[in-house]
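**Q** Quick one: this structure, given as structure tokens, is what I'll be asking you about.
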Amino acid sequence: MKEYKFKIGGKDYAATVAEREDGILEVTVDGKIYNVELPEHKKAPAPVVKPAVAQAPVVASAPVAVKQGPDASGNAVIAPLNGKITQVLVKAGDTVAAGDTVCMLEAMKMENSITAEFGGTVKAVLVNVGDQVDGGQALVELA
């Protein structure tokens with residue numbers, strides 16, 4: 001609140017001016033209150049602040065262990081998600097241990113190591129480089 005003293009026509013006046021939240025000035029002169037609206041002085045509405053949407057963290061590709069899945073022999077390395085086969089690292093007759101990478105799968109612009117969750121001998125490789133595969137599809141059959 002600001003206080004002013006001024007003269008009009010030789011008469012002294014005391015006034016107080018307070019700005020309200022709606023941009024109106026409340027002017028009190030000799031105990032009488034006047035609401036004064038100054039168009040260029042109106043306050044802009046308070047901005048609405050919305051929380052920022054959190055970005056998903058970028059995570060480096062880690063080996064994806066997949067579980068034994070159903071197929072003819074009952075033992076297969078299964079694609080965990082849809083994607084494109086970019087490398088096949090095993091062939092029929094190879095021996096793999098649990099955790100060995102059998103192929104690479106590109107999904108959502110990330111290269112994923114597809115690993116065997118269990119060991120065995122590669123009975124058949126069911127995919128080729130460049131193949132599009134579906135999540136749940138058998139990639140390598142183990143015996």
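**Q** For the stretch 87-143, what is the Kirkwood estimate of the hydrodynamic radius, computed as the reciprocal of the mean inverse distance between distinct Cα atoms, to one decimal in Å? Please list the in-between numbers first.
**A** Working: mean 1/r = 0.0868 Å⁻¹.
For the stretch 87-143, the Kirkwood estimate is 11.5 Å.
**Q** If Lys and Arg each add +1 and Asp and Glu each add -1, what is the summed charge of the other residues whose beta carbon sits under 15 Å from the beta carbon of V27? Write out the running numbers ahead of the final one.
**A** Working: positive: K2, K5, R20, K32; negative: E3, E19, D22, E26, D30, E37.
That works out to -2.
**Q** Moving to a separate point now. Could you size up the charge dipole of the stretch 77-143 around its Cα centre, putting +1 on the beta carbon of Lys and Arg and -1 on that of Asp and Glu, and report it in debye to the nearest 20? Numbers along the way, then the final one.
**A** Numbers: 4 positive and 8 negative charges, 16 e Å.
Rounded to the nearest 20 debye, it is 80 debye.
**Q** On to the next question. For K11 and M110, calculate 0.36 nm times their separation in residues minus their Cα-Cα distance, and state this gained length in nm to one decimal.
**A** Going from the current span to full extension adds 27.4 nm.
No value in this document is a laboratory result; all are computed from the given coordinates. Since this is a predicted model, take the numbers as computed values, not measurements. Using ideal geometry, Cβ is built from the backbone for each residue, glycine included, and neighbour counts are taken over all protein chains shown.
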